[in-house]
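The values are calculated or read from the model by the stated rules, or taken from the named source; none is laboratory data. These numbers were taken from a predicted model, which means no experiment stands behind them. Note: ideal-geometry Cβ built from the backbone for every residue, glycine included; neighbour counts use all protein chains shown. The protein model used for the area step is the full one, side chains on, heavy atoms only, and it has no ligands, DNA or RNA in it. Shrake-Rupley method; radii C 1.70, N 1.55, O 1.52, S 1.80 Å.
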Amino acid sequence: MTKPLVAIRSVSKSFGEFQALKNVSLDIRPGEVMCLIGASGSGKTTLLRCINQLAAIDSGGIWLDGELLGVREQGGRLHRLSEREIGRQRLKTGMVFQRFNLFPHKTALENITEGPLQVQSRKSDEVRAEAIELLRRVGLSAKADSYPAQLSGGQQQRVAIARALAMKPMLMLFDEPTSALDPELVGEVLAVMKELARSGMTMMVVTHELGFAREVADRVVYMDQGAIIEQGRASDVLGAPREERTRAFLSAVI
Amino acid sequence: MMPAPALAEGFPDLSGMRIARKPHWFRWLSAALIVAVLALIVRAFAGGQIEWSYVSRFLTVKVILEGIVNTMVMAVLAMALGIFLGVVVAIMRLSPNPVLKTVAAGYTWLFRGTPLILQLLLWFNLALVFPTIGIPGLWSARAVDVMTPFLAALLGLGINQGAYTSEVMRAGMLSVDIGQYEAAQAIGMGRLRALRRIVLPQAMRVVIPPLGNEFIGMVKATSLASVIQYPELLHNAENIYYANSRVIELLIVAGLWYLLVVSVLTPLQMLLERRFARGTLRLAR
């Protein structure tokens with residue numbers, strides 16, 4: 001069996017009284033496209049944010065590409081990594097947010113080049129060429145000099161995907177990437193994600209788009225109340241769910 | 001396809017008719033009243049014991065012009081110091097480190113809690129506390145020589161301004177969406193780089209109107225430095241009227257200069273605002 005790109009072991013996370021993740025364990029293999037589904041508050045977004053270390057886990061461990069995230073084991077105890085080291089680990093993942101979070105004072109092109117230039121200190125002309133290629137890939141060559149406020153929601157989200165890809169991540173995390181979009185703009189973003197999936201990118205997608213999950217996902221994971229309830233091939237989980245809770249969720253969504 | 005249903009009768013065609021202007025009688029009446037009151041005030045001053053020839057004569061004398069230059073130099077330098085301190089203190093205040101947070105809150109408490117004129121007098125009279133200052137073994141000097149009126153005014157005005165500006169900057173940074181911090185972190189930025197590259201440029205748009213306000217306040221606050229012998233506009237005007245007793249005339253001269261400076265600053269602020277409005281809809285459309 002191939003070594004997993006992400007190994008999640010017994011991860012728990014609470015926000016005050018609320019337990020967002022309860023003892024979650026999961027593997028994501030290289031090149032796999034995984035869709036996380038479930039009601040809001042089920043922990044799927046929190047799981048994504050823990051992998052990107054926007055939220056720190058309370059217990060358990062997450063390994064990305066064989067490297068333990070956020071902490072270092074030393075003398076039988078765990079020590080939290082410095083902000084700089086966490087920043088370096090984050091570069092292996094790209095994050096796409098529900099609300100895009102593009103930098104409004106920078107053009108589409110500048111949004112994409114910001115990370116490679118400022119964080120990775122790469123050469124300007126090389127970064128620029130790559131950014132232009134990324135814009136072409138998401139179908140926005142003509143919008144390089146537009147500010148986010150001049151773009152539609154779908155266009156903004158496509159720029160956000162290009163911005164994440166510019167850091168050359170091994171893993172792309174999508175947090176409900178189409179939930180904030182008008183219905184007619186959902187398709188263009190999903191099309192970009194499908195193309196990305198076909199290119200072999202490892203992806204974890206929190207989504208309510210079951211059609212996308214059915215078509216693209218190698219595996220669908222259903223979560224409820226901070227725990228993984230059921231997982232398997234999309235056709236199995238979505239078509240013939242074994243668990244009662246999964247069936248209840250699916251019949252409420254469709 | 002179904003044909004559109006026929007429109008109901010009884011609604012006349014209004015196209016081509018213009019909307020008449022309202023007369024606004026009360027506006028005309030109140031404006032006339034205000035003009036009349038102003039005319040009375042002007043007449044009173046014209047007939048009062050003011051030698052207007054002195055006003056025009058002293059408006060452009062060398063000492064007054066030097067005073068306005070010193071006022072502007074001090075206002076710009078003290079404001080620069082205030083903004084620098086304000087940004088640093090605001091970042092400290094929003095840091096997760098409790099030591100930095102407490103130091104920042106203490107600074108704001110101390111310098112916002114005491115009168116500016118008192119702070120100026122304290123800085124100027126620092127020699128009474130520390131006759132000599134310096135780094136032991138390396139360098140030392142008599143405090144009276146170091147703490148000139150210029151330095152005392154700069155420190156007093158700048159450090160006091162920093163306490164106020166830090167709150168303006170903090171408000172600006174808090175106005176930036178939390179998602180912007182997260183997006184910056186997600187592309188590997190640390191806290192300080194995210195602040196410098198992503199958060200502060202967006203906060204600038206919010207803080208420029210209050211900062212413009214603060215700068216206009218600073219131009220006038222420099223007049224307080226007259227009490228510690230800094231040769232700014234009011235101090236120089238006072239020196240002239242100590243000699244020639246034309247008190248009101250020279251105060252009017254100083255007042256006219258302050259008004260002129262503030263009038264020039266307002267359009268400059270608008271230019272700055274436009275610069276930092278990059279990417280917002282107002283400019284884009």
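Candidates in the stretch A:102-130 are the residues that are assigned to a helix (DSSP H, G or I) and away from chain B (no Cβ under 13 Å); of these, the one that is nearest to A:Ala197 (Cα to Cα) is A:Glu130. Within the span defined as the stretch A:181-196, every residue fails to be within 17 Å of A:Arg29 (Cβ to Cβ) and part of a strand (DSSP E or B).
For the stretch A:1-15, how many residues meet the condition of being open to solvent by less than 50 Å² (accessible area, probe 1.4 Å) and not in a strand (DSSP E or B)? Qualifying residue count, the stretch A:1-15: 2. Just checking, does the stretch B:3-19 include any residue being among the basic types (Lys, Arg) and modelled with pLDDT of 90 or more? Within the stretch B:3-19, not a single residue is among the basic types (Lys, Arg) and modelled with pLDDT of 90 or more. Take the conditions (1) assigned to a helix (DSSP H, G or I); (2) within 30 Å of B:Asn70 (Cα to Cα); (3) without any contact (Cβ under 8 Å) to a residue 24 or more places away in the chain; B:Arg197 misses just one of them, which is (2). Reported count of residues in the stretch B:130-146, each being in contact (Cβ under 8 Å) with a residue 12 or more places away in the chain and either of a type in the set (A, V, I, L, M) or within 12 Å of B:Gln161 (Cα to Cα) (or both), is 4.
Select from the stretch B:156-188 the residues that are among the β-branched types (Val, Ile, Thr), open to solvent by 20 Å² or more (accessible area, probe 1.4 Å) and touching a residue at least 12 places away in the same chain (Cβ under 8 Å) and write down the one among them that is nearest to B:Pro96 (Cα to Cα).
Initially, the stretch B:156-188 is screened for residues among the β-branched types (Val, Ile, Thr), giving B:159, B:165, B:168, B:176, B:178, B:187.
The next check asks that each one be open to solvent by 20 Å² or more (accessible area, probe 1.4 Å); those that pass are B:159, B:168, B:178.
Now restrict to residues that are touching a residue at least 12 places away in the same chain (Cβ under 8 Å): B:159, B:168.
Working: B:Ile159: 24, B:Val168: 19 Å.
Here the answer is B:Val168.
Which of the residues spanning the stretch B:236-281 are surrounded by 13 or more Cβ atoms within 10 Å (Cβ to Cβ), of a type in the set (S, T, N, Q) and under 25 Å from the mean Cα position of the chain (by Cα)? Answer for the stretch B:236-281, where residues must be surrounded by 13 or more Cβ atoms within 10 Å (Cβ to Cβ), of a type in the set (S, T, N, Q) and under 25 Å from the mean Cα position of the chain (by Cα): B:Asn236, B:Gln269, B:Thr280.
Looking only at residues of the stretch B:189-235 that are closer than 30 Å to B:Gly255 by Cα and among the polar types (S, T, N, Q), we find that the one that is least open to solvent (accessible area, probe 1.4 Å) is B:Thr222.
Among the residues of the stretch B:108-127, those that are open to solvent by less than 40 Å² (accessible area, probe 1.4 Å) and either in contact with a Lys or Arg (Cβ under 9 Å, 6 or more places away or on another chain) or farther than 24 Å from B:Gly212 by Cβ (or both) comprise B:Thr108, B:Ala127.
For residues that are surrounded by fewer than 21 Cβ atoms within 10 Å (Cβ to Cβ) and over 13 Å from A:Gln98 (Cα atoms), tally how many sit in the stretch A:170-189. Final tally of qualifying residues: 6.
Against the condition away from every other protein chain (no Cβ under 14 Å), touching a residue at least 12 places away in the same chain (Cβ under 8 Å) and not aromatic (Phe, Trp, Tyr), how does B:Leu260 come out, does it pass? Working first, answer last.
On the way: away from every other protein chain (no Cβ under 14 Å): yes; touching a residue at least 12 places away in the same chain (Cβ under 8 Å): no; not aromatic (Phe, Trp, Tyr): yes.
Judged against the criteria, B:Leu260 is not a match.
Open to solvent by less than 50 Å² (accessible area, probe 1.4 Å), modelled with pLDDT of 95 or more, polar (S, T, N, Q) and closer than 17 Å to A:Val6 by Cβ: does that describe A:Thr113? Answer is no for this residue. For A:Ala217, the criteria (1) open to solvent by 20 Å² or more (accessible area, probe 1.4 Å); (2) out of contact with any Pro (no Cβ under 9 Å at 6 or more places or on another chain) hold in every case but one, which is (1). Listed conditions (1) open to solvent by 60 Å² or more (accessible area, probe 1.4 Å); (2) modelled with pLDDT under 95 are all met by B:Leu59, apart from (1). Residues of the stretch A:16-40 that are closer than 23 Å to A:Gly232 by Cβ and outside any strand (DSSP E or B): A:Arg29, A:Pro30, A:Gly31, A:Glu32, A:Gly38, A:Ala39, A:Ser40.
Residues in the stretch B:42-49: is at least one open to solvent by less than 60 Å² (accessible area, probe 1.4 Å) and of a type in the set (A, V, I, L, M, F, W, C)? Walk me through it before giving the result.
Filtering the stretch B:42-49 down to residues open to solvent by less than 60 Å² (accessible area, probe 1.4 Å) leaves B:48.
Keeping just the survivors that are of a type in the set (A, V, I, L, M, F, W, C) gives none.
Checked against the condition, which is being open to solvent by less than 60 Å² (accessible area, probe 1.4 Å) and of a type in the set (A, V, I, L, M, F, W, C), the stretch B:42-49 yields no hits at all.
Can B:Met74 be described as of a type outside the set (Asp, Glu), in contact (Cβ under 8 Å) with a residue 24 or more places away in the chain, under 30 Å from B:Ala221 (Cβ atoms) and crowded, with 16+ Cβ neighbours inside 10 Å?
Details: of a type outside the set (Asp, Glu): yes; in contact (Cβ under 8 Å) with a residue 24 or more places away in the chain: yes; under 30 Å from B:Ala221 (Cβ atoms): yes; crowded, with 16+ Cβ neighbours inside 10 Å: yes.
So B:Met74 passes the test.
Within the stretch A:131-147, being facing chain B (nearest Cβ under 10 Å) and surrounded by fewer than 22 Cβ atoms within 10 Å (Cβ to Cβ) holds for one residue alone: A:Ser146. Every test in (1) under 32 Å from the mean Cα position of the chain (by Cα); (2) open to solvent by less than 100 Å² (accessible area, probe 1.4 Å) is passed by B:Phe84 save one, and that test is (2).
Can you confirm whether A:Arg90 is under 29 Å from B:Pro201 (Cα atoms), open to solvent by 50 Å² or more (accessible area, probe 1.4 Å) and within 9 Å of chain B (Cβ to nearest Cβ)? Judged against the criteria, A:Arg90 is not a match. Exactly one residue among A:Glu67, A:Glu83, A:Glu73 is at the interface with chain B (Cβ under 7 Å from one of its Cβ atoms) and surrounded by fewer than 17 Cβ atoms within 10 Å (Cβ to Cβ), and that residue is A:Glu83.
Is it fair to say A:Ala227 is in contact with a strand residue (DSSP E or B) (Cβ under 9 Å, 6 or more places away or on another chain), open to solvent by 10 Å² or more (accessible area, probe 1.4 Å) and of a type in the set (Gly, Ala, Ser)? Spell out the reasoning first.
Working: in contact with a strand residue (DSSP E or B) (Cβ under 9 Å, 6 or more places away or on another chain): yes; open to solvent by 10 Å² or more (accessible area, probe 1.4 Å): yes; of a type in the set (Gly, Ala, Ser): yes.
Taking the combined requirement at face value, the residue satisfies it.
For A:Phe174, the conditions (1) assigned to a loop (DSSP other than H, G, I, E, B); (2) within 30 Å of A:Glu130 (Cβ to Cβ) all hold with the exception of (1).
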